[in-house]
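Trainee: I'd like to ask you about the structure that follows.
FYI, it's all coordinate maths here, none of it is from the lab. All values reported here derive from a predicted model rather than from experimental measurement. Glycine also receives a Cβ, built like all others from the backbone with ideal geometry; neighbour counts cover every protein chain displayed.
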């Protein structure tokens, strides 16, 4: 019987940042996956569409994320084959993922991920935006803005200060880019290649990867060893 | 008195194939359920959608199984399986005996003799899917005997280039046109 197989993650994805905006939910992450401290894979898509109404972003062990995508594929296929005019919305998928993650944790065999689930679905009160997150121990909650990994420490304070209810897409992208830039500067496992994805009632779009402009022109970087006394 | 959409006889088995059931509806559901699990399992193990030939084989074996033991009764329904894979679109019909053949045109049920004659009159190699659905709808309406049979609801689904090789219900506007 499997017990006490608390594994170590091998290939890990970095932070994912997401937030609600006027038309839906926007999600962003970098496209890197590290093998320990080596930046091994630089073109990894860590945000995927789920069904018609949701996006999932995963950080943590990438192979577990792929497995979760497979579970979700089975789930959405079965849902699609019912063909009854109804389809699983982000809230339902979030609940499903919570069950999966929590049950695995209870078997001491967790899926080593922090997942961000966002989407828009028509509800009784019109189009309802949904954004939630689940992590490897099964902690789950719903919020207006989510960040995983280092984003929790660096992006969340920015989002708490500057997020507003009715941001347009452009404003949302600017705010997210601000967070991504901070992570790029300060998180050693992030790379300068990002993907932004958005989901609205019309559907989801995952934009092609792009790089942000960084500024390294500080005087202190000119001659870094100037003030150093010298090694021994 | 039929509630539209309540008695589905066309089922999706996977993204690229579907099953039409003729006969005992409950038996049909069993076959569909088995086909779905076979197709899902194949994709899980082999990483690619199940080829239609393979699926037809599995369904036929399953149906045939129920003719082998005295304590099992045969399925009270036949099934038409249509799908699109790497070899293009394919049509199979599986009868309650477990007999399964690949067809260009197939018909099951009470009016199958008349329907088969009508299908044979069509030039199938030149028919596009769009034209095909009109023809098929015509045949179903033609075979339906106003006096003897109960009223019915037409269900149409297709797998073709237009539907992106996915099995799905024919879009409602085309359905209306066909009627």
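Trainee: Please find, in a Gaussian network model of chain A (springs between Cα atoms separated by less than 10 Å), the residue of A:61, A:49, A:143 whose mean-square fluctuation is greatest.
Mentor: A:143
Trainee: Now, a different point. Taking the Cβ of each residue in B:140, B:31 as the centre, tally the other Cβ atoms inside 10 Å and list the residues starting with the fewest.
Mentor: Least crowded to most crowded, the residues run B:140, B:31.
Trainee: Run the quick spin-label model on residue B:103 and residue A:201: label points 7 Å from Cα toward the beta carbon, then report their separation in nm to one decimal.
Mentor: For residue B:103 paired with residue A:201, the spin-label model returns 4.4 nm.
Trainee: Could you tell me the center-to-center distance, by alpha carbons, between segment B:75-143 and segment A:172-232 in angstrom?
Mentor: Cα centres, segment B:75-143 to segment A:172-232: 59 Å.
Trainee: If you don't mind, another one. Using only the Cα atoms of segment B:10-178, each taken as one equal point scatterer with no solvent, compute I(q) by the Debye sum, divide by I(0), and report log10 of the ratio at q = 0.10 Å⁻¹.
Mentor: -0.38
Trainee: Nearest 10 degrees is fine. How inclined is helix A:62-82 to the longest principal axis of chain A, computing both from alpha carbons?
Mentor: 20
Trainee: Using helices alone, I'd like the mean residue ellipticity at 222 nm for chain B: each DSSP H run of four-plus residues gives -39500 (n - 2.57), total over residue count, nearest 500.
Mentor: -12000 deg cm²/dmol
Trainee: Per q in 0.16, 0.25, 0.26, 0.27 Å⁻¹, report the Debye log10 I(q)/I(0) for segment B:1-81, using one uniform scatterer on each alpha carbon and no solvent.
Mentor: So the normalised log intensities work out to -0.62, -1.19, -1.25, -1.31.
Trainee: Taking R0 as 56 Å, what FRET efficiency do you get between residue A:74 and residue A:229 from their Cβ-Cβ distance, rounded to the nearest 0.05?
Mentor: FRET efficiency, residue A:74 to residue A:229: 0.35.
Trainee: Evaluate the distance, in nm, between pseudo-label points positioned 7 Å from the Cα of residue B:37 and of residue A:168 along their respective Cα→Cβ axes.
Mentor: 5.5
Trainee: While we're looking at this one, here's another question. Relative contact order (percent) for chain A, with alpha-carbon contacts under 8 angstrom and 6 or more residues of separation?
Mentor: For chain A, the relative contact order is 27 percent.
Trainee: Taking only the alpha-carbon atoms of segment A:1-101, what semi-axes of the equivalent ellipsoid follow from 5 times the gyration tensor eigenvalues under a square root, in whole Å, largest first?
Mentor: 26, 19, 12
Trainee: Could you tell me the ratio Rg/Rh of chain A? Both radii from Cα atoms, Rh via Kirkwood.
Mentor: Taking Rg over the Kirkwood Rh, I get 1.03.
Trainee: Among A:97, B:65, which comes first, then next, by fewest other beta-carbon atoms within 10 Å?
Mentor: Fewest-to-most Cβ neighbours within 10 Å comes out as B:65, A:97.
Trainee: As a test of understanding, state the convex hull volume per residue of segment A:48-138 from its alpha carbons, in Å³.
Mentor: 87
Trainee: Now for a different question. Let me have the relative contact order for chain B, percent, based on Cα pairs under 8 Å that are six or more residues apart.
Mentor: Averaging sequence separation for qualifying contacts and normalising by length gives 22 percent for chain B.
Trainee: Once fully extended, how much extra length lies between residue B:138 and residue B:154, figured as 0.36 nm per residue of separation less the alpha-carbon to alpha-carbon distance?
Mentor: 4.7 nm
Trainee: Test of understanding: express the Cα radius of gyration of the protein assembly as shown as a ratio to 2.2 N^0.38 Å, with N the residue count.
Mentor: With N residues counted in the protein assembly as shown, Rg over 2.2 N^0.38 Å equals 1.26.
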